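Only one structure is covered here, and it is reproduced in the block below.
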């Protein structure tokens with residue numbers, strides 16, 4: 001899961017993150033996320049933990065030093081860099097689901113998409129478009145595709161409007 005360390009301006013964002021974490025746990029599916037205790041990351045982990053889920057946090061030392069690591073997760077992996085964090089998360093994940101976020105979330109999503117188009121993985125990449133958060137980005141990606149810049153790969157980014165739909169698109173039963 002990729003998402004913000006902030007809560008954002010709408011309660012729907014945290015509600016969706018918590019529901020997604022809870023839904024994973026109820027299905028017996030573990031959560032791998034950025035290891036933070038704040039914002040949507042914290043809500044996601046809280047939802048999974050409250051439902052008895054296995055939660056794996058992966059966080060770089062620089063964020064541990066800022067005291068944002070979630071100490072209550074099932075496993076907490078501390079990496080030296082953001083690059084090693086993403087590599088470990090990608091290695092252990094079966095799919096990528098993206099919730100609302102900022103630059104870090106965007107970067108993680110686009111890297112997963114780029115890796116997929118280069119056939120470095122074949123894992124689903126699902127954007128959970130909570131309350132239309134990503135509508136403008138999706139319009140821009142459609143423009144990029146129409147202008148020939150995505151080489152017909154726009155469809156690799158799957159889009160869901162609910163946690164249940166995101167899990168289905170990610171291959172979680």
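The residue that is modelled with the lowest pLDDT, counting only those in region 153-171 that are touching a helix residue (DSSP H, G or I) at 6+ places or on another chain (Cβ under 7 Å) and not in a helix (DSSP H, G or I), is 153.
Could you tell me which of the residues 68, 64, 73 is surrounded by 15 or more Cβ atoms within 10 Å (Cβ to Cβ) and out of contact with any helix residue (DSSP H, G or I) (no Cβ under 9 Å at 6 or more places or on another chain)?
Of the residues listed, the single one that is surrounded by 15 or more Cβ atoms within 10 Å (Cβ to Cβ) and out of contact with any helix residue (DSSP H, G or I) (no Cβ under 9 Å at 6 or more places or on another chain) is 64.
If the condition is being in contact (Cβ under 8 Å) with a residue 24 or more places away in the chain and either in contact with a strand residue (DSSP E or B) (Cβ under 7 Å, 6 or more places away or on another chain) or within 14 Å of residue 98 (Cα to Cα) (or both), then region 138-159 contributes 156, 157, 158, 159.
Residues of region 112-121 include none that is closer than 19 Å to residue 163 by Cβ, touching a helix residue (DSSP H, G or I) at 6+ places or on another chain (Cβ under 6 Å) and buried (at least 16 other Cβ atoms within 10 Å of the Cβ). Selection of region 93-107 for residues being out of contact with any helix residue (DSSP H, G or I) (no Cβ under 6 Å at 6 or more places or on another chain) and farther than 15 Å from residue 158 by Cβ yields 101, 102, 103, 104, 105, 106, 107.
Looking across region 116-137, the residues that are part of a loop (DSSP other than H, G, I, E, B) and touching a strand residue (DSSP E or B) at 6+ places or on another chain (Cβ under 8 Å) come down to 123, 124, 129, 134. Beta carbons closer than 7 Å, at least 6 apart along the sequence or on distinct chains, pair a first residue in region 7-34 that is in contact (Cβ under 8 Å) with a residue 12 or more places away in the chain with a second that is surrounded by fewer than 19 Cβ atoms within 10 Å (Cβ to Cβ) and in a helix (DSSP H, G or I) for 10/131; 12/131; 22/50; 23/164; 32/92.
The values are calculated or read from the model by the stated rules, or taken from the named source; none is laboratory data. Nothing here was measured: the structure is a model prediction, and the numbers come from that model. Cβ: placed from backbone, ideal geometry, glycine included. Neighbour counts: every protein chain shown.
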